[in-house]
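Following: one structure in structure tokens, then a few remarks.
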Amino acid sequence: MYHFMKVNLIINEKANQDLIQIKWYIAQDSKFYANKTVNEINKRIENLLLFPEMGKVIDKDENIRQIIYKSYKILYKLDSKNIYILHIIYHSRNILNLKF
């Protein structure tokens, strides 16, 4: 028998801004791929509602995890009731410099 957690999804303002910047950057070359990329990132985020612990733990003390979509890292924090989407960043960006 499986036990599913009932959690809420909260996307913070930094993550929203990250998505806007990703879309803008890709749209310089292709609006189609910009929309497709943002839609796929959003699908990965929605999957967290079904599998909130699927991400790799990157900070055990803060319980910060990441999931990957192509070249993007979706960073999130999980507690017993909420999934907080913290940042969505390009893979080469140093996460140590981010504010959560």
What are the pairs, 6+ residues apart or on separate chains, where a residue within the stretch 20-35 that is under 14 Å from I88 (Cα atoms) has its Cβ under 6 Å from a residue that is of a type in the set (G, A, S)?
K23/A34
Lone qualifier among K60, K56 - being in contact with a Lys or Arg (Cβ under 8 Å, 6 or more places away or on another chain) and over 24 Å from I20 (Cα atoms):
K56
Pairs where the first residue, in the stretch 47-62, is at negative phi and the second is of a type in the set (S, T, Y) and surrounded by 11 or more Cβ atoms within 10 Å (Cβ to Cβ), C-beta under 8 Å, 6+ apart
L48/Y76; G55/Y76
Which numbered condition trips up S80, out of (1) in a loop (DSSP other than H, G, I, E, B); (2) in contact with a strand residue (DSSP E or B) (Cβ under 8 Å, 6 or more places away or on another chain)?
(2)
Scope the stretch 46-62; condition surrounded by 14 or more Cβ atoms within 10 Å (Cβ to Cβ) and part of a loop (DSSP other than H, G, I, E, B); matching residues
P52, G55
In the stretch 22-40, what residues are surrounded by 12 or more Cβ atoms within 10 Å (Cβ to Cβ) and either of a type in the set (G, A, S) or more than 13 Å from the chain's Cα centre (by Cα) (or both)?
K23, Y25, I26, A27, Y33, A34, N35, K36
Against the condition modelled with pLDDT of 90 or more and aliphatic (A, V, I, L, M), how does I95 come out, does it pass?
no
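The values are calculated or read from the model by the stated rules, or taken from the named source; none is laboratory data. All values reported here derive from a predicted model rather than from experimental measurement. Here Cβ is always computed from backbone atoms with ideal geometry, including for glycine, and neighbour counts include all displayed protein chains.
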